[in-house]
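Novice: Mind having a look at this structure? Questions to follow.
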Amino acid sequence: MNSLKNSFREIMRYPSAVVGTFIILLLVVQAIYAVVTIPYRQAINLWRGGEDVWYANPKFAPPAWTNFFRSKKLPVSFHVNSADGEMEKVVTPGESSSKIDITYTFNFNADDYPQELMLYVTADYAEKQPFATIYLVNPNGQKIRIADTGLPHTENIRFSQQEKLINRYFGQPVLQGLFSDPKVDPPAPLKGEYQLIINGITFEPDSNFDMEFVFHGKVYGLAGTDMARRDLVVPLLWGAPIALIFGLLASFGTSVTTMVIAAIGAWYGKWVDELIQRITEVNMILPFLPIMIMIGTFFSRSIWVMLGAVVLLSIFTGAIKGYRSIFVQVRESMYIEAARAYGASDTRIIYRYLVPRMIPLLIPGLVSGVPAFIFFEATLAVLGLGDPVLPTWGKIINDAETYGALYNGYYYWMLEPAVLLMITGLGFAMLGFALDRIFNPRLRGM
């Protein structure tokens, strides 16, 4: 216990270790938050979902907070549903029919036009469809008729595709016409309070309908959206536990296995050591990345298959030779001779006397190796060889590259996962360098 306390005090002496530990703790908290708030199955369903899941989100929308840094404000996306009480709904019952009025008032203060306005209808009736007339009242008090339509059980009404509006604003985009002041030339967004009015009538006693109003602006949420309308918060959050699990398992498995194999070779010597050294030399000249690309292309892109292949290819590296040189010296120590004298077995000597001596050297390397494996997993994903099921930071970058994010100005799409990768690497690197100074006496004065 005292040795742990002393080690902790020693770590706290280094500002880089404090900062690195803080960053890692934040990543762990993020990972726990992601797993608790968005369970695995839900995260996978959201990540692989299409229009039926993400219909309320606009495409290619930067985060809403970017408006704070813009001189020209972009419209913010939102959606409301009368079934949830978010829109005012008044039902006036009659003998054989009912009148239903739904209204919603919202402020529009952007300097650009929205992508789209939509109404999602859900109607309940036996034979006779309800009928509705839809209006949009602008800040000037102008009441614009959007559509007169019967309401089937489910329907999607897109404002930009309504014939009445296309004919009304001939030669001009519908959304631009709806949100412009007709007296201003060139057209500019008309700011102020807008009201959506739906006047409907049902023709059966128990008939009813509700509307969900979807306003597709040009900015959305904390992280923005991608080409499939997916909220990037989901993969950004879930990228943390996936990256940490992959990096920690790969680094721990590689470091520990490498050290144990080096100890076995140094202790037994002869043909065992020769075999390990020859395997290491062959493995060191194998092209690591091309082999991983071949595995991902011809066998499987599962993250667990990739993890196993990475560990296997990373065991027999130059680290084995470094560990072996130290184990050969430790093997001649007096306490090893004493262990031999009282009849300790080879296995006991290796695991109780040789390997523990290397733990102080193992820990800094293990911590410093985590970001290397995290970056490698992201590299495979960027190359299109990542797990197609999991939402990872590398997969976000791959999608952004595929759809020309930088060319089209969607910088947020590329920068958000890249920044998280850099912060993760920085945290582990700073802690690893500090641990290396603590456990390596030759570096303490540096």
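Novice: Give the cross-link partners of K270 among the lysines, using a straight C-alpha distance below 29 Å as the criterion and excluding same-chain residues fewer than 8 apart.
Specialist: Those lysines meeting the cut-off are K321.
Novice: Please report, in cubic angstrom per residue, the volume enclosed by the convex hull of the alpha-carbon atoms of the chain.
Specialist: 226 Å³
Novice: May I pose another question? For segment 203-318, count the residues as N, evaluate 2.2 N^0.38 Å, and divide the Cα radius of gyration by that value, please.
Specialist: My calculation over the Cα atoms of segment 203-318 gives 1.91.
Novice: Which of the GluC sites (Glu not before Pro) found in segment 270-367 are loop residues per DSSP with 12 or fewer other Cβ atoms within 10 Å of their Cβ?
Specialist: Sites meeting the loop and neighbour criteria: E332.
Novice: Give, to the nearest whole percent, the P(r) tail of segment 323-369 beyond 12 angstrom, counting all Cα pairs.
Specialist: Across segment 323-369, Cα pairs with separations above 12 Å total 64 percent.
Novice: If you put +1 on each Lys and Arg Cβ and -1 on each Asp and Glu Cβ, how big is the dipole of the chain around its Cα centre, in Debye rounded to 20?
Specialist: Dipole of the chain, to the nearest 20 debye: 2300 debye.
Novice: In the chain, if the dipole is taken from +1 on Lys/Arg beta carbons and -1 on Asp/Glu beta carbons about the Cα centre, which of A34, T133, V184 is farthest to the positive end?
Specialist: Towards the positive end, the residue furthest out is A34.
Novice: How about segment 337-446: which trypsin sites (Lys or Arg not before Pro) there lie in a loop by DSSP and see at most 14 other Cβ atoms within 10 Å?
Specialist: Of the trypsin sites (Lys or Arg not before Pro), the ones in loops of segment 337-446 whose Cβ has at most 14 other Cβ atoms within 10 Å are R444.
Novice: Given W47, I24, I102, which one lies farthest toward the positive end of the charge dipole of segment 22-136, if we put +1 on the Cβ of every Lys and Arg and -1 on the Cβ of every Asp and Glu?
Specialist: The listed residue farthest towards the positive side: I24.
Novice: I've got another one for you. Rounded to whole Hz and in sequence order, give me ³J(HN,Hα) for segment 198-207 from the Karplus expression 6.51 cos²θ - 1.76 cosθ + 1.60, θ = phi - 60°, writing x for Gly and Pro.
Specialist: Result, ordered by residue: 10, 9, x, 9, 10, 10, 9, x, 9, 6 Hz.
Novice: Pairs K99/K183; K73/K164; K218/K395; K89/K143: which are spaced more than 31 Å apart, C-alpha to C-alpha?
Specialist: Long pairs (Cα-Cα over 31 Å): K99/K183.
Novice: Which residues make up the longest stretch of the chain that has no chymotrypsin sites (Phe, Trp or Tyr not before Pro) in a DSSP loop with at most 12 other Cβ atoms within 10 Å?
Specialist: Segment 1-169 is the longest.
Novice: At q = 0.14, 0.15, 0.27, 0.28 Å⁻¹, what log₁₀ I(q)/I(0) does segment 135-195 have when each alpha carbon counts as one equal point scatterer in the Debye sum?
Specialist: Debye curve over Cα of segment 135-195, log10 I(q)/I(0) at q = 0.14, 0.15, 0.27, 0.28 Å⁻¹: -0.43, -0.49, -1.25, -1.30.
Novice: Here is a follow-up. Ignoring ligands, DNA and RNA, what percent of the accessible area of segment 183-269 is carbon or sulfur (1.4 Å)?
Specialist: 65 percent
Novice: Work out how much length I44 to Q161 would gain on full extension: take 0.36 nm times their residue separation and subtract the Cα-Cα distance, in nm to one decimal.
Specialist: 38.8 nm
Novice: Taking the C-alpha atoms of segment 71-213, how large are the radius of gyration and the largest Cα-Cα span, Dmax, in Å?
Specialist: Calculated on Cα positions, Rg and Dmax stand at 16.1, 56 Å.
Novice: Which distance in nm do the two modelled labels at V36 and H153 give, with both placed 7 Å along the Cα-to-Cβ direction?
Specialist: 4.1 nm
Novice: Ok, one more. Between Q277 and M334, what's the calculated FRET efficiency when r is the beta-carbon distance and R0 is 41 Å? Round to 0.05.
Specialist: Rounded to the nearest 0.05, the efficiency is 0.90.
Novice: Where only protein heavy atoms count, and the probe is 1.4 Å, what is the accessible area per residue for segment 10-139 in Å²?
Specialist: 55 Å²
Novice: In square angstrom, what is the accessible area per residue of segment 350-429 with a 1.4 angstrom probe?
Specialist: It amounts to 42 Å² per residue over segment 350-429.
Novice: Between F170 and V137, what is 0.36 nm times their sequence separation minus the Cα-Cα distance? Round to one decimal in nm.
Specialist: Full extension from F170 to V137 adds 9.9 nm.
Novice: While we're on this one: Whenever you get a sec, compute what percent of the accessible area on segment 34-129 sits on carbon and sulfur atoms (1.4 Å probe).
Specialist: The computed percentage sits at 51.
Novice: Can you give me the distance in nm between label points at M414 and F298, each placed 7 Å from the Cα along the Cα-to-Cβ direction?
Specialist: 3.3 nm
Novice: Determine by what factor the alpha-carbon radius of gyration of segment 253-325 differs from 2.2 N^0.38 Å, reporting the quotient.
Specialist: In units of the globular-protein estimate, segment 253-325 measures up at 1.21.
Novice: When the chain is modelled as a GNM with alpha-carbon springs shorter than 10 Å, which of M294, M118, M227 fluctuates the most?
Specialist: M294
Novice: Continuing with the same structure: What number comes out for the charge environment of N107, summing +1 per Lys or Arg and -1 per Asp or Glu over other residues with Cβ under 11 Å away?
Specialist: Result for the local shell: 0.
Novice: With axes computed from alpha carbons, what is the tilt in degrees of helix 393-402 against the longest principal axis of the chain, rounded to the nearest 10 within 0 to 90?
Specialist: 60 degrees
Novice: Another one. Compute the FRET efficiency between A344 and T66 as 1/(1 + (r/R0)^6), taking r as their Cβ-Cβ distance and R0 = 56 Å, and round to the nearest 0.05.
Specialist: Calculated transfer efficiency: 0.30.
Novice: About the Cα centre, and with charges only on the beta carbon of Lys, Arg (+1) and Asp, Glu (-1), how big is the dipole of segment 330-377? Nearest 20 debye, please.
Specialist: Here the size comes out at about 180 debye.
Novice: Charges at C-beta only: +1 for Lys and Arg, -1 for Asp and Glu. How large is the resulting dipole of segment 100-167 about its Cα centre, in Debye rounded to 20?
Specialist: Using only the charged Cβ atoms, the result is roughly 200 debye.
Novice: Show that you can apply the helix-only estimate: for the chain, add -39,500 (n - 2.57) for every DSSP H stretch of four or more residues, divide by all residues, and state [θ] at 222 nm to the nearest 500.
Specialist: Mean residue ellipticity, 222 nm, calculated: -16500 deg cm²/dmol.
Novice: Just the Kirkwood number for segment 334-414, please: inverse of mean 1/r across all distinct Cα pairs, in Å, one decimal.
Specialist: Evaluated on segment 334-414, it is 16.5 Å.
The values are calculated or read from the model by the stated rules, or taken from the named source; none is laboratory data. Just so you know, these numbers come straight off a predicted model, no measurement behind them. Neighbour counts are summed over all protein chains in view; Cβ atoms, including those assigned to glycine, are modelled from backbone coordinates with ideal geometry. For accessibility, only protein heavy atoms count, side chains too; no ligands or nucleic acids. Shrake-Rupley method; radii C 1.70, N 1.55, O 1.52, S 1.80 Å.
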